[in-house]
1. Keeping every protein chain present and rolling a 1.4 Å probe, give me the accessible area per residue for the chain in Å².
2. Work out from phi, with θ = phi - 60° and the Karplus expression 6.51 cos²θ - 1.76 cosθ + 1.60, the ³J(HN,Hα) of each residue of the stretch 46-59, listed in order in whole Hz, and give x for Gly and Pro.
3. Let me check I have the definition right: for the chain, take the eigenvalues of the Cα gyration tensor, multiply each by 5, take square roots. What are those semi-axes in whole Å, largest first?
4. May I ask you to give the percent of accessible area on the chain that is carbon plus sulfur, with a probe radius of 1.4 Å?
5. Where in the stretch 9-67 are there chymotrypsin sites (Phe, Trp or Tyr not before Pro) that are in a DSSP coil and have at most 13 other Cβ atoms within 10 angstrom of their Cβ?
6. At 0.36 nm per residue, minus the direct Cα-Cα distance, what do residue 124 and residue 267 gain on full extension? Give it in nm, one decimal, please.
7. Taking amide H positions as placed in the peptide plane 1.01 Å from N, state which residues far from residue 12 in sequence (5 or more) or on other chains have amide H under 5 Å from it.
8. If you look at just the Cα atoms of the stretch 227-276, how large are its Rg and its Dmax in Å?
Amino acid sequence: MAEKYTITGHTKVFCIIGHPVEHSMSPTMWNPALQELGLDYVYVAYDVHPDNLEKAVEAIRVFGIRGANVTIPHKNPIMKFLDEIDPIAEKMGAINTVKNEDGYLKATNTDAPGAKKSFIDAGCSIEGKSILFLGSGGAARSIAYLFSEEAKKIVLTDIIEERAVIIANEIKKNMDAHIEGKIANEKNIANLIKQTDILINATPIGMYPNIDLTPISKDLLHDELFVFDVIYNPMETKLMKDAAEVGCETLSGLDMLINQGVIAFEWFTGKTPNSKLMKNKIIEFLGIK
Ligand code: NAP
């Protein structure tokens, strides 16, 4: 059992900045993990209006905030104020983690590595696989960037074809990947899914409170698929339930959420947090099943 935690004059700060930020799960999962390891830090959330982003970056330096996570809408605009960005995050054009080394701010993106770690933990290799994405927004974009290093083929789809095509072309150019963008209509999905090994839902369809919705008809699923839903609330979406009934293996976005935090935690502190504790704290906080 960890000793009772007390904030003192020595206590250092980690934070998340976003706008809005109140919904963030990060303080909920970071603080218990920091306390369990006896690390003298607190993790807080700051709502930073886009107009104040540059000042907020200066505040990270001035206040000696040791590390910051970054969420919507700052993941791209913050990049120009930082000192060093890891090459793949630079290509993605989005960071979510900033480490303060004596005022020198280094950044990376742990979202997609969090997804990749979740696949590895679930025993699903990405190498040589055909991957179909439903939805081509921010989550799809960062995962597709990283997974394109190993996948045989990636198809991004979206209800607006142009979105999928633009991102696919951008990734193809930056990563030398086999990737294309298509419209997400029933006919296309029905054809594409036959040659798909990994199906990724990167739409918000099925997210709380719309838990009875699914982005794809159960009839289109087949038992060779590995199905990953980026949604973390509920923990098991309708898509995942349908897929499990068809005989597919499934993975929840909750694992990605925890693992992006685990990777940032290790980078900031050099210590491995208790990921089960982090997961349980989120489950408890959200009351999810
Ligand atoms: P986003 O930028 O809004 O992207 C979703 C995209 O999917 C939009 O372009 C949307 O189009 C499109 N879409 C909606 N319905 C579709 C359908 N039936 N078929 C194909 N495309 C469809 O959202 P995001 O930031 O990428 O987030 C997506 C989900 O991932 C959210 O539920 C978010 O909470 C979750 N997420 C989870 C994690 C994690 O750590 N687990 C991290 C990031 C995000 P319209 O905008 O026109 O509807």
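The values are calculated or read from the model by the stated rules, or taken from the named source; none is laboratory data. The structure presented is a predicted model; accordingly, all values stated were derived computationally and were not measured. Ideal geometry is used to build each Cβ from the backbone, glycine not excepted, and the neighbour counts take in all protein chains shown. With ligands, DNA and RNA removed, areas are computed over all heavy atoms of the protein, side chains included. Shrake-Rupley method; radii C 1.70, N 1.55, O 1.52, S 1.80 Å.
1. Working: 13970 Å² over 289 residues.
Each residue of the chain exposes 48 Å² on average to a 1.4 Å probe.
2. 10, 7, 10, 5, x, 5, 9, 4, 5, 5, 5, 5, 5, 5
3. On the way: eigenvalues 225, 98, 50 Å².
Taking √(5λ) for each Cα gyration eigenvalue gives 34, 22, 16 Å.
4. On the way: 7230 of 13970 Å².
Carbon and sulfur atoms account for 52 percent of the accessible area of the chain.
5. Details: sites: 14, 30, 41, 43, 46, 63; in loops: 63.
Those satisfying the criteria are 63.
6. Numbers: separation 143, 0.36 × 143 = 51.48 nm, distance 2.45 nm.
Value of the extension gain: 49.0 nm.
7. Long-range HN contacts for residue 12: 41, 42.
8. Rg then Dmax for the stretch 227-276, in Å: 13.5, 42.
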